[in-house]
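Structure, as structure tokens:
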Amino acid sequence: MTNPTSTSTGTTTKAKRSKGDIKPSTQDPIQRWLDIFMPMTGLPKARQADIRAELEDHLRARVDDLMITGLSEPEAVQKAVNELGETAHLARQFRTALKPKGRTLMHAALIAIAGSALTLGIFSAANQPGTPPARTAAIVGATATPSPLSGASSDARYAFAGTAPFEFSETATLGSLFDAIREATDRPLVIHWNHLEDIGIQEDTSIAMDADPVPLRDALALAIRKTETRDFGGIAVLESPGMIEISSTEEVDRRTVEVRTYDIADLLRHRTRPDAEEIGFDGYGAGGSFSDAAVSITGPLMEMVARETWADLGGDLSTLNLVGGSLLIKSPARYHAQIEAFLELVRREDARIMESADERLEETRRLQAERDERRRQAHLEQARLMEEQSRQMREEAERRKMDEIAHLEAELERVTAELAELNASQQVSMFSRPASFYSPNSERTEEEIREIEENAREAFIRGSRVSDLTVIRESIRDQLILLKYGVQPSEGTTLEAIQQQLKEQGDRLRSISNRVNN
Amino acid sequence: MTYSAPHPATPKLSPTHAELLVLATLAEAPSYGYAISRGIASKSEGDFALGPAKLYPLLAKLEKQGLVTTSWEEVKAANNGTDNDDESKGRRRKWYTISTKGAKRLDQHIQAHRRFTALVDAFLPVSNANSNNSSRGATA
């Protein structure tokens, strides 16, 4: 079986800090292995219990299967454990799986901004002297209750400890440091060793380091930094007018849990508008409901601020709920400033997105206006071309009409002339003989009879021709009236009558105009 | 079931594919860790070996991401011992069920996988692509 203590990461301090359920005297090899493995994960106890139960179930089921294949129980146990691989690697795998490096954030810029600002602006500023009041107000507080955390950050300066020098000798321990502080401060110093021991810190925990003597206040900061771990937290100092308490960050966090509301309705409105994705709010829930959109805020919030404390992520200190447009957050006091800062960063990012969206909208409008103008010009050009074409067609039609009128007038003249000629020849024919010549009782010679018959025949032909020409003339006149005046000629209407009517109409209009002008 | 090395020609199971296979397994029915590992090995005829060192951290990650929900079962010792998994000594068993979010993630994985496969197949000679699909279909 793999010996999990022989790992490259083992140190004296870490070995003393492993506070899992160690029962070295158990006879069950699987329990014995789990006893040693679980503390290596460095996870909270609640999480360790779950993983332990799951791995035990796996190992026992696997052993049962292996024994069916013929292995003895010790062989099966050995093989099942070996299949888990190197225990240190497995422990790292669990830590990595449960503490990712940061993902599923909606805006890369937000990650960069939030990460740097939170790291530099909040963690370091939380306890720096001269920190702007707005940043420290949430952390320091000014109430009768013990002020919130002023420890846990290794950059804190603990004025209460005084300036007497402290030497980090080889025998320097936390106990000796606290004793020195107790001597130097005028307030009672209460050290909660039980809570410190839960995170592997004892009175005799060494704080020896290669450092020159430093004032006690700085020595305390150095000792806190030296003993702090990412997995177990570290030492926290709680100052109040009546006493100074030193405990674990975990215990102090539990004591200083506060419930606050954060109005995020403005952020949610950005993400739930119908055009949210177009504008740039393309995270989970974009264009949807408040609760869906809230996930795109609360997810990164829980990833970046006090990750290990959220109940949704396996912790047991912090919870958040969306109520209407507000987040109701229960969390240790020291995290609320970070939460505020995070939401402020989100607001700044939202403002940048909105500004960018406004610029894009303006640009879109400008391009649209240009397109509209080009379209309008194209329409105008098209209308102009159509008008030109129409004008040409009208002129062509007018020209054809005038040609037709000229042709008809010429034809009318010719027909009228022919009619006149026929009428004239008829008159000559009719009056070439006296009327008695045509009397029915007159005696006629054959030649005279032939003449009469010839005359009658000619008269008939002439009469037919006159009749035809008369019809033709009337038809030509009707066509001319229609072409010239655009009216359908009624029976009896003549060209001359229409022309007379138009002249009379024109005279009346001129008379009226003269009266109006005078 | 044995955790033997996969066939040299079989590509290593990437984290993405491991997640795909686990979610696909849970989409068929809720299951627990050991059964999931056993099922994947069985269905892939031993080519895919998702051992406990990869499986359990993966399941923890899936749970943390809300892709699966979990419940605990008190496993009692079976009287006749016919089902080896139930020959327990009163231990707890963690059951996993795919969540709605997990089902959506599975759909995304499937679409990405099919798109990738289709793109790769476009580069392959028709006979090779068809023969690969046939052999898998015959053994499934």
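The values are calculated or read from the model by the stated rules, or taken from the named source; none is laboratory data. Because the structure is a prediction, the values reported are computed rather than measured. Positions of Cβ are backbone-derived with ideal geometry, glycine not excepted, and every protein chain shown enters the neighbour counts. Note: areas computed on protein heavy atoms with side chains; ligands, DNA, RNA excluded. Shrake-Rupley method; radii C 1.70, N 1.55, O 1.52, S 1.80 Å.
Which condition breaks for A:Glu404 when tested against (1) more than 22 Å from A:Ile498 (Cβ to Cβ); (2) not assigned by TED's automatic domain parsing to the domain that holds A:Ala497?
(1)
Here is a list: A:Arg444, A:Arg399, A:Arg433, A:Arg457. Which entry is out of contact with any Lys or Arg (no Cβ under 9 Å at 6 or more places or on another chain), basic (Lys, Arg) and modelled with pLDDT of 90 or more?
On the way: A:Arg444 fails: modelled with pLDDT of 90 or more; A:Arg433 fails: modelled with pLDDT of 90 or more; A:Arg457 fails: modelled with pLDDT of 90 or more.
Going through A:Arg444, A:Arg399, A:Arg433, A:Arg457 in turn, the sole match is A:Arg399.
Which residues, taken from the range A:173-184, are crowded, with 18+ Cβ neighbours inside 10 Å and under 58 Å from the mean Cα position of the chain (by Cα)?
The answer is A:Leu174, A:Leu177, A:Phe178, A:Ile181.
Among helices (runs of 4 or more DSSP H) lying entirely in the range A:46-163, which contain 2 or more residues that are at pLDDT 80 or above?
Values: elements: A:73-82, A:87-98, A:108-116, A:133-140.
It comes to A:73-82, A:87-98.
Against the conditions (1) touching a residue at least 12 places away in the same chain (Cβ under 8 Å); (2) part of a helix (DSSP H, G or I); (3) of a type outside the set (A, V, I, L, M, F, W, C), where does A:Arg374 fall short? Just the number, please.
Unmet condition: (1).
For the condition modelled with pLDDT under 90 and either facing chain A (nearest Cβ under 8 Å) or open to solvent by less than 20 Å² (accessible area, probe 1.4 Å) (or both), what is the one hit in B:Lys64, B:Lys43, B:Lys94? Lay out the reasoning, then the answer.
On the way: B:Lys43 fails: either facing chain A (nearest Cβ under 8 Å) or open to solvent by less than 20 Å² (accessible area, probe 1.4 Å) (or both); B:Lys94 fails: modelled with pLDDT under 90.
On inspection, the qualifying residue turns out to be B:Lys64.
Before we move on, is A:Ile246 in contact (Cβ under 8 Å) with a residue 24 or more places away in the chain and in a helix (DSSP H, G or I)?
Details: in contact (Cβ under 8 Å) with a residue 24 or more places away in the chain: yes; in a helix (DSSP H, G or I): no.
Criteria not met by A:Ile246.
Yes or no: A:Arg365 open to solvent by 70 Å² or more (accessible area, probe 1.4 Å) and part of a helix (DSSP H, G or I)? Can you show your working first?
Working: open to solvent by 70 Å² or more (accessible area, probe 1.4 Å): yes; part of a helix (DSSP H, G or I): yes.
Considered against the rule, which asks whether it is open to solvent by 70 Å² or more (accessible area, probe 1.4 Å) and part of a helix (DSSP H, G or I), A:Arg365 comes out as yes.
Here is a list: A:Ala223, A:Ala236. Which entry is open to solvent by less than 20 Å² (accessible area, probe 1.4 Å), part of a strand (DSSP E or B) and either of a type in the set (A, V, I, L, M, F, W, C) or modelled with pLDDT under 85 (or both)?
Details: A:Ala223 fails: part of a strand (DSSP E or B).
Every option except A:Ala236 fails the conditions.
How many of the residues in the range A:60-93 are at the interface with chain B (Cβ under 8 Å from one of its Cβ atoms) and of a type outside the set (Lys, Arg)?
Within the range A:60-93, the first condition is being at the interface with chain B (Cβ under 8 Å from one of its Cβ atoms), and the residues that meet it are A:60-62, A:64-65, A:68, A:83-85, A:89-90, A:93.
Among the residues that remain, those that are also of a type outside the set (Lys, Arg) are: A:61, A:64-65, A:68, A:83-85, A:89-90, A:93.
Going through the range A:60-93 one residue at a time, the tally reaches 10.
Looking only at the range A:43-56, decide whether some residue is under 21 Å from B:Ala41 (Cα atoms) and either among the aliphatic types (A, V, I, L, M) or within 41 Å of the chain's Cα centre (by Cα) (or both).
At the first step, the residues of the range A:43-56 found to be under 21 Å from B:Ala41 (Cα atoms) are A:54-56.
Next, from what is left, pick out any that are either among the aliphatic types (A, V, I, L, M) or within 41 Å of the chain's Cα centre (by Cα) (or both): A:55.
Scanning the range A:43-56 turns up at least one residue that is under 21 Å from B:Ala41 (Cα atoms) and either among the aliphatic types (A, V, I, L, M) or within 41 Å of the chain's Cα centre (by Cα) (or both).
Quick check on A:Leu469: is it surrounded by 10 or more Cβ atoms within 10 Å (Cβ to Cβ), outside the structural domain of A:Glu496 (by TED's automatic domain parsing), in contact (Cβ under 8 Å) with a residue 12 or more places away in the chain and under 30 Å from A:Ala497 (Cβ atoms)? Spell out how you get there, then give the answer.
Details: surrounded by 10 or more Cβ atoms within 10 Å (Cβ to Cβ): yes; outside the structural domain of A:Glu496 (by TED's automatic domain parsing): no; in contact (Cβ under 8 Å) with a residue 12 or more places away in the chain: yes; under 30 Å from A:Ala497 (Cβ atoms): yes.
Answer is no for this residue.
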